[in-house]
1. Pull out all pairs, ordered by first then second residue, where Cβ-Cβ is under 6 Å, the residues are six or more apart or on different chains, the first lies in region 102-114 and is over 13 Å from I62 (Cα atoms), and the second is assigned to a helix (DSSP H, G or I).
2. Evaluate the following for I128: is it touching a residue at least 40 places away in the same chain (Cβ under 8 Å) and out of contact with any Pro (no Cβ under 6 Å at 6 or more places or on another chain)?
3. Only one residue in G56, G78, G66 is closer than 18 Å to R118 by Cβ and of a type outside the set (D, E). Which one?
4. Can you find a residue in region 39-53 that is aliphatic (A, V, I, L, M) and more than 18 Å from G117 (Cα to Cα)?
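We did not get these values from a lab; they are worked out from the coordinates using the rules stated. Quantities reported herein were computed from a predicted structural model and do not represent experimental measurements. Don't worry about glycine lacking a Cβ; one is built from the backbone with ideal geometry, like all the others, and counts go over all protein chains shown.
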Amino acid sequence: MSPVDQHGTEDQTRGRAGGVRRTQTGVGDRPMAIVERHIQTLHTSDNDVYKTWEKGFEEAEIKAGGFPRKRHFWVFSGRDAQGTWIWEREWESVSAMEAAYAKYAGIPEVQELFKRGRSVIEHEFCEIIYPVSILD
């Protein structure tokens with residue numbers, strides 16, 4: 001399944017025979033999910049610096065527990081400059097996201113990663129979005 005399918009956009013235009021269909025009430029018997037997306041431009045063109053830094057967050061998230069895996073994207077063409085990094089993940093609910101981040105905040109390595117991030121990330125913004133169906 002493509003990332004587009006997972007976010008409930010492409011499957012709505014491909015028809016009802018193939019893809020998972022999302023509505024405002026969820027997918028099948030699953031509750032509606034939200035997507036956390038971060039768009040990041042870097043101070044450096046050295047992607048290995050970013051990957052090493054981001055790997056530290058991934059390890060802390062595994063340690064804390066309750067975090068869905070991230071999907072990482074590198075912008076080739078689009079609104080954002082080439083080389084922009086985007087990561088996103090789907091949460092079951094806002095409360096699940098809040099609970100995971102509350103556990104995560106107490107991990108000392110996370111605070112160090114945030115401090116180090118000032119030298120890695122030039123600009124970042126976050127979106128919290130949820131899938132909707134306009135065809136219902």
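1. L113/G56; L113/F57
2. It is true that I128 is touching a residue at least 40 places away in the same chain (Cβ under 8 Å) and out of contact with any Pro (no Cβ under 6 Å at 6 or more places or on another chain).
3. The unique qualifying residue is G56.
4. no
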